[in-house]
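Here the structure comes first, spelled out in structure tokens, and everything after it is commentary.
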Amino acid sequence: MSFETRADAERSAAYPTIAARPRTPRLGVTVVADLVDAIVRGDLAPGTSLPPEAVLCEQFGVSRTVIRESVKRLEEKGLVTVAQGRGTQVLGAQSWNMVDATVLSALVANDATLGILDDLSVVRASLEGVIARDAAARRSDEELERLREALQLMRDTIEDEPAFNAADVVFHATVGEMSANRLAVNLVSILFGQARESARFHLHSRLETTLEEHEHVFAAIEAGDPDAAEQAMRSHIADAWERRRPPSPKR
């Protein structure tokens, strides 16, 4: 082994292994995902520095260009800051962009106590409540008919849980289409998308109860009652998560 090779090996051994999979040439997006996961998991603590470029290149099997672009993506997500003369410093959670899809995915994946999914449910209930209120205040006959059809699809699939869950998504998307609050709808799409990807979100729920809750939401929107629509949607989101939520050390 040459002096340079031995020095590279010793330098690499001084840093945690971040690459989650065997070293093969991979796209930068995967490098970013692994680095985000390492920071969220705590392998790279706030205030510490990222390993040097040469070490990351060795671990991930990619070029310096890929590593530099990946670090830029981390900086955009609020996970690191690049300081002249001090390298790339890891930032604390208060700086992270938690609605970024990659960051949120890592938070959910490493959520041992389900605290993130609990918080996500609270935020989603608030946002979807606002969306339902807006839908009730604005609904047109055509939009109401589409929502009625979405609800009927849930009724028709009550004996088929996967199909019922898909119909549930259609119902919520239809309510979103009835609202003029595009920001709330977009945020809900991000939050709900990450929740659905978590295996812990997919425990069996009582479909009859879920259907009944959607019936209440529909009735309030049909009646043009914003207060009732908001309350029905908030209660549905909170209660549905309580039914799905597995036991955890947090409780």
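The values are calculated or read from the model by the stated rules, or taken from the named source; none is laboratory data. As the structure is a prediction and not an experimental result, all values here were calculated from the model. As a convention, Cβ positions derive from the backbone with ideal geometry for all residues, glycine included, and neighbour counts pool all protein chains shown. The accessibility values were calculated without ligands, DNA or RNA, using every heavy atom of the protein model including side chains. Shrake-Rupley method; radii C 1.70, N 1.55, O 1.52, S 1.80 Å.
Roll a 1.4 angstrom probe over the protein heavy atoms and tell me the percent of accessible area of the chain that is carbon or sulfur. Kindly include the intermediate steps, with their values, before the conclusion.
Numbers: 6950 of 12880 Å².
Ligands and nucleic acids excluded, carbon and sulfur reach 54 percent.
Rounded to the nearest 500, what is the chain's calculated 222 nm mean residue ellipticity when only DSSP H runs of at least 4 contribute -39500 (n - 2.57) each, over all residues? It would help to have the intermediate numbers written out before the result.
On the way: 11 runs with 163 residues, N = 251.
Rounded to the nearest 500, it is -21000 deg cm²/dmol.
Which whole-number percent gives the relative contact order of the stretch 98-251, counting Cα pairs below 8 Å spaced six or more residues apart?
Working: 183 pairs, mean separation 60.2, N = 154.
Taking the mean separation of contacting Cα pairs over the length of the stretch 98-251, I get 39 percent.
Before I look further, what does the chain give for accessible area per residue, probe 1.4 Å, in whole square angstrom? Provide the component values of the computation, followed by the final result.
Working: 12880 Å² over 251 residues.
That works out to 51 Å² per residue.
With a cut-off of 8 Å between alpha carbons and a minimum separation of six or more residues, what is the relative contact order of the stretch 29-175 in percent?
Values: 118 pairs, mean separation 27.4, N = 147.
Over the stretch 29-175, the number comes to 19 percent.
Inverting the mean 1/r over all pairs of different Cα atoms, compute the Kirkwood radius of the chain and quote it in Å.
Computed over Cα pairs of the chain, the Kirkwood hydrodynamic radius comes out at 20.6 Å.
How many angstrom separate the Cα center of the stretch 130-167 from the Cα center of the stretch 70-94?
Their Cα centres are 43 Å away from one another.
Assign one of three labels to the stretch 59-103, namely rounded, prolate or oblate, based on the Cα gyration tensor with a ≥ b ≥ c the square roots of its eigenvalues; rounded applies when a/c is under 1.5, prolate when it is not and a/b is larger than b/c, and oblate otherwise. Can you show the working numbers first?
On the way: a/c = 2.47, a/b = 1.29, b/c = 1.91.
Oblate is the answer for the stretch 59-103, as a/c is 1.5 or above yet b/c matches or exceeds a/b.
Between Ser49 and Asp119, what's the calculated FRET efficiency when r is the beta-carbon distance and R0 is 25 Å? Round to 0.05. Don't jump to the answer; show the numbers that get you there.
Numbers: r = 29 Å, r/R0 = 1.18.
After rounding to 0.05, the efficiency reads 0.25.
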